[in-house]
Amino acid sequence: MIFKERLEDNINKIDRIINDYLPAECGHQKTIFEAMNYSIKAGGKRIRPLLMQEVYRLFKADSVIEPFMAAIEMIHTSSLVHDDLPCMDNDEYRRGLPTTWVKYGYDMAVLAGDALLIYAMETAVKACERTERADLVARCIKILAAKSGIYGMIGGQTVDVELTECPVNKEQLEFIYHLKTAALLEASAMIGAVLGGADEEQVKSAEEMATNIGIAFQIQDDILDVLGDQDTLGKPVRSDEKNNKTTYVTLAGVEKARKEVAERSALAIGALQKLPGDHTFLKEIIEMLITREK
Ligand code: GRG
C-alpha cells in the first residue's frame, strides 16, 4: 500500500477507536458530553495516537494500546480547547470549525477541557481490561500524567504564557517547545514502547525520537503560522504575531527554521533506528511531518 493510502486507512481506524471511548450524549449533564465530543470529532491529524500505535506495532500486534490512543488524543484536545480560550490565544477557529468556547461559551469550554483531561485517565485505565500486565498499564498512566502536567505540557505552557510579549532566547524557546509540544509526543512513543514490552534502552530511544519529532513539529507549526493559509490549516494564521509571541521563525528566520526542522527530523530517524521491527512507515511519517502544510 502506498504511504498516503496507508496513512488515511490508519487515521480512519484511529477515529473509530477514539469514537468508541467518547461518552454518550445523554443525561442531565449532556452539555459537557456534547462539548467534549464536538472538539474531538472536529478532527485533527491524530499524530499522537498514530505515533503511539506505530511504536507499539514495532513490538506487538494486539489491541491493548487502544485505550491509551484515545486517552492521548483527549489530553491533546483538552489542551487545544484551553489554548483557544480568550484568556490564552483567544482564537475563534480550530480544526476548520468555531472553537469550543465560541460554540459552547467560555464556561463550558473550561469545563470541556477539564473533562477531557480527566476522562483521558478514566479511559487509559481501561487497558487493564485487555491485559494481565497491570504493572505496565500503571507505568504508562504515570508517563501520561507526568508528560501532560507541570513537568510536561502544562509546565511548558506556563512559561510560554509568562514570556508572551517578553524577549525570549533560544534556550528558553527550546525549553518551551520541549515541554509544551514534544512532551505529549514523548508520552505517545514511550507508552507504545512500554506497553509493547520494550527494555529501558528502547524506551529511552523512543523518547529521544519523540523529543526531536516534537521540536521539529512545533517549529514547522511556527513556519505555517507565517506562511500557511487558514483554509488549509483550519485555524487562523499569524496568531503568534497577533499575540506578540517569539517563535523560532521570529528569532532565526524561515530558512534557519526549515534547516532546524530537517536536522531534528534526521535525529528522530537516528533514534528510531535503535528500535526493533520494520521502520518504514514511521520513517515516512517523520518525513511527512517536515513537509506538512497543515
Ligand atoms: C487542559 C491539559 C490542559 C492543558 C492546558 C493550554 C495548555 C495547558 C497547553 C497548550 C499546549 C499547546 C496547544 C501546545 C501547542 C502544540 C501544538 C503544535 C498543537 C497543534 O497540534 P496539531 O497540529 O493539532 O497536532 P490537530 O488539530 O491536528 O490535532
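Here are a few things to note about the model shown:
- All positions within segment 18-36 that are away from the ligand (no atom under 15 Å from the Cβ), under 26 Å from R130 (Cα atoms) and not aromatic (F, W, Y): N19, D20, L22, P23, A24, E25
- When segment 93-132 is filtered for residues that are away from the ligand (no atom under 15 Å from the Cβ), outside any helix (DSSP H, G or I) and either touching a Phe, Trp or Tyr at 6+ places or on another chain (Cβ under 6 Å) or farther than 24 Å from K142 by Cα (or both), only G105 remains.
- Only one entry in K274, K283 is at pLDDT 95 or above, of a type in the set (K, R), in contact with a Ser or Thr (Cβ under 7 Å, 6 or more places away or on another chain) and away from the ligand (no atom under 15 Å from the Cβ), namely K274.
- L51 vs. criteria away from the ligand (no atom under 16 Å from the Cβ), under 24 Å from R130 (Cβ atoms) and part of a helix (DSSP H, G or I): no
- Of all the residues in segment 137-178, those that are of a type in the set (D, E), surrounded by fewer than 22 Cβ atoms within 10 Å (Cβ to Cβ) and in contact with a helix residue (DSSP H, G or I) (Cβ under 8 Å, 6 or more places away or on another chain) number 1.
- Residue check, E186 touching an Asp or Glu at 6+ places or on another chain (Cβ under 6 Å), without any contact (Cβ under 8 Å) to a residue 60 or more places away in the chain, farther than 24 Å from E92 by Cβ and within 16 Å of the ligand (Cβ to nearest atom): yes
- Index of the failed condition, K45 passing every other in (1) more than 9 Å from the ligand (Cβ to nearest atom); (2) within 30 Å of L275 (Cα to Cα); (3) surrounded by fewer than 21 Cβ atoms within 10 Å (Cβ to Cβ): (1)
- Selection of segment 246-255 for residues being surrounded by 13 or more Cβ atoms within 10 Å (Cβ to Cβ), in a helix (DSSP H, G or I) and over 20 Å from the mean Cα position of the chain (by Cα) yields V249, T250, L251, A252, V254.
Yes/no per residue for (1) surrounded by 19 or more Cβ atoms within 10 Å (Cβ to Cβ); (2) over 30 Å from T246 (Cβ atoms); (3) modelled with pLDDT of 95 or more:
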residue: R16; (1), (2), (3): no, yes, yes
residue: T31; (1), (2), (3): no, yes, yes
residue: S39; (1), (2), (3): yes, no, yes
residue: A71; (1), (2), (3): yes, yes, yes
residue: G113; (1), (2), (3): yes, no, yes
residue: L117; (1), (2), (3): yes, no, yes
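- Within the option set V168, V161, V203, V194, being without any contact (Cβ under 8 Å) to a residue 40 or more places away in the chain and aliphatic (A, V, I, L, M) holds for one residue only, V203.
- Residue that is nearest to L184 (Cα to Cα) [pool: residues in segment 134-158 that are free of Cβ contacts under 8 Å to residues at least 12 places away in the same chain and not in a helix (DSSP H, G or I)]: G149
- Residue check, V81 touching a strand residue (DSSP E or B) at 6+ places or on another chain (Cβ under 9 Å), near the ligand (Cβ under 9 Å from one of its atoms) and assigned to a helix (DSSP H, G or I): yes
The values are calculated or read from the model by the stated rules, or taken from the named source; none is laboratory data. Values in this document were obtained by computation on a predicted structure and should not be read as measured data. Positions of Cβ are generated from backbone atoms using ideal geometry, with glycine treated the same way; all protein chains shown enter the neighbour counts.
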